[in-house]
1. Would it be correct to say that GLY160 is within 16 Å of the ligand (Cβ to nearest atom), in a loop (DSSP other than H, G, I, E, B), at negative phi and under 20 Å from the mean Cα position of the chain (by Cα)?
2. Might you let me know whether region 268-280 holds any residue that is away from the ligand (no atom under 12 Å from the Cβ), within 22 Å of THR29 (Cβ to Cβ), touching a residue at least 24 places away in the same chain (Cβ under 8 Å) and surrounded by 17 or more Cβ atoms within 10 Å (Cβ to Cβ)?
3. Name the one entry in LYS166, LYS177 that is touching a helix residue (DSSP H, G or I) at 6+ places or on another chain (Cβ under 8 Å) and either more than 16 Å from the ligand (Cβ to nearest atom) or without any contact (Cβ under 8 Å) to a residue 60 or more places away in the chain (or both).
4. Tell me, which residue of region 8-38 that is touching a residue at least 60 places away in the same chain (Cβ under 8 Å) and of a type in the set (D, E, K, R) is nearest to LEU82 (Cα to Cα)?
5. From (1) out of contact with any Ser or Thr (no Cβ under 6 Å at 6 or more places or on another chain); (2) part of a helix (DSSP H, G or I), pick out the condition that doesn't hold for HIS72.
6. Could you check how many residues of region 1-31 are closer than 22 Å to GLY276 by Cβ and crowded, with 24+ Cβ neighbours inside 10 Å?
7. Quick one: which residue in THR155, THR118, THR130, THR137 is without any contact (Cβ under 8 Å) to a residue 12 or more places away in the chain and either touching a Pro at 6+ places or on another chain (Cβ under 6 Å) or within 15 Å of the ligand (Cβ to nearest atom) (or both)?
8. I'd like the full set of residues that are closer than 17 Å to ASN278 by Cβ and within 9 Å of the ligand (Cβ to nearest atom), limited to region 209-224.
Amino acid sequence: MNKNQFGKKGWTPDRIGDLNGKTYVITGTTSGIGFEAVKILLSKGAKVVMLNRNPKKSADAIHILKQELGNHIDVLAIKMDLAEQAFVKKVAEEVLKTVPRIDALICNAAIAQVPKQTLTVDGWESQMGTNYYGNWTLQAFLFPLVEKSKGRIVTVGSMGYDMGIKTIKFDDLNWDKDYTPNNAYSQSKLAQIMTVYELQDRLKEAGKTDVKAYACHPGSSRTNLINTSGSFMMKFIFNMMKLSPLTQSAKKGAYPQLMCATEPNLDQSGFYGPTGRNNWTGPVGAHKLEQHAKDKAVTTRLWELSEKETSVKWNI
Ligand SMILES: NC(=O)c1ccc[n+]([C@@H]2O[C@H](COP(=O)([O-])OP(=O)(O)OC[C@H]3O[C@@H](n4cnc5c(N)ncnc54)[C@H](OP(=O)(O)O)[C@@H]3O)[C@@H](O)[C@H]2O)c1
């Protein structure tokens, strides 16, 4: 194994300095690693804008954060459903008008292991529509402000990128033929990761160095992910796994995205997550990314398809 650049313990939030004056926009913070990431960012003095689909859960999260960190914290929640393109665009416009800067946009929200093929209102398979196209459009809309702020876009992927088919299923992206929960989830996560590296290429080609884009994943973390959208069987399996050392806390799961959002001079070409067995747990750092995630012909075709499907073009 390569030596971890952050030492034996890997990257930890101790490395984050004072974040006063910095603003982070993050999706999906009502539970899991998103919630933990917000807590750590706020504890370092940052302003955090949370984009969540459930206002009651957002209010509960803010209540807990204030109880734990104090009433002075600078946090607000805006209602946004990533599964609806019109909603994402409306909220992105609102963020552009009301939030003065974005030091990092952290694309964390997702659904996983949806038991049966379901389509979003826009007509895409639900995991592709939510995890991929939802984040795609949000990023494209907020890109100008991230650029103005010399900020970062952080994509929370998954080791699932390597657990389904190892390319994009362009001929049947809605899985009309042979839907399986794992293949469809994995595909959405592979697509998310591919787009990070394609974005880097496009920024480089345009001579833009102010924005940085990072891909990471939380390993196997004890969160609500499977309980929210998985089948009874998947919930059973994951809840059993949660009792084993094969999983880690949601707090530790938050480290890779926090690292990508805050660590100075982090190499964009890397893929970041736990570096222990199977990359499920262990010290956080860079680790191997299988080549299919950077297959240039596929990443380019996916980008072009995404522009067509969403009718959204990035202003790069
Ligand atoms: N936990 C793991 O082991 C693991 C492994 C690999 C990758 N990941 C990735 O880690 C990220 C965070 O997941 P997590 O494990 O922390 O799960 P989680 O506890 O279920 O958190 C997911 C968050 O996303 C939100 N969300 C879901 N659909 C949304 C939508 N349509 N619009 C807006 N927000 C939405 C959820 O909101 P609600 O509360 O309203 O449902 C929740 O706040 C995801 O990208 C996931 O793919 C997790």
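The values are calculated or read from the model by the stated rules, or taken from the named source; none is laboratory data. Here the structure is a predicted model, which means the values were calculated and not measured. Cβ placement follows ideal geometry from the backbone for every residue including glycine, while neighbour counts extend to all protein chains displayed.
1. no
2. Yes, there is a match, as at least one residue in region 268-280 is away from the ligand (no atom under 12 Å from the Cβ), within 22 Å of THR29 (Cβ to Cβ), touching a residue at least 24 places away in the same chain (Cβ under 8 Å) and surrounded by 17 or more Cβ atoms within 10 Å (Cβ to Cβ).
3. Result: LYS166 is the single residue among LYS166, LYS177 that is touching a helix residue (DSSP H, G or I) at 6+ places or on another chain (Cβ under 8 Å) and either more than 16 Å from the ligand (Cβ to nearest atom) or without any contact (Cβ under 8 Å) to a residue 60 or more places away in the chain (or both).
4. Looking at residues that are touching a residue at least 60 places away in the same chain (Cβ under 8 Å) and of a type in the set (D, E, K, R), I get GLU36.
5. Among (1) out of contact with any Ser or Thr (no Cβ under 6 Å at 6 or more places or on another chain); (2) part of a helix (DSSP H, G or I), HIS72 violates only (2).
6. Number of matching residues: 1.
7. THR118
8. Answer for region 209-224, where residues must be closer than 17 Å to ASN278 by Cβ and within 9 Å of the ligand (Cβ to nearest atom): HIS217, PRO218, GLY219, SER220, SER221, ARG222.
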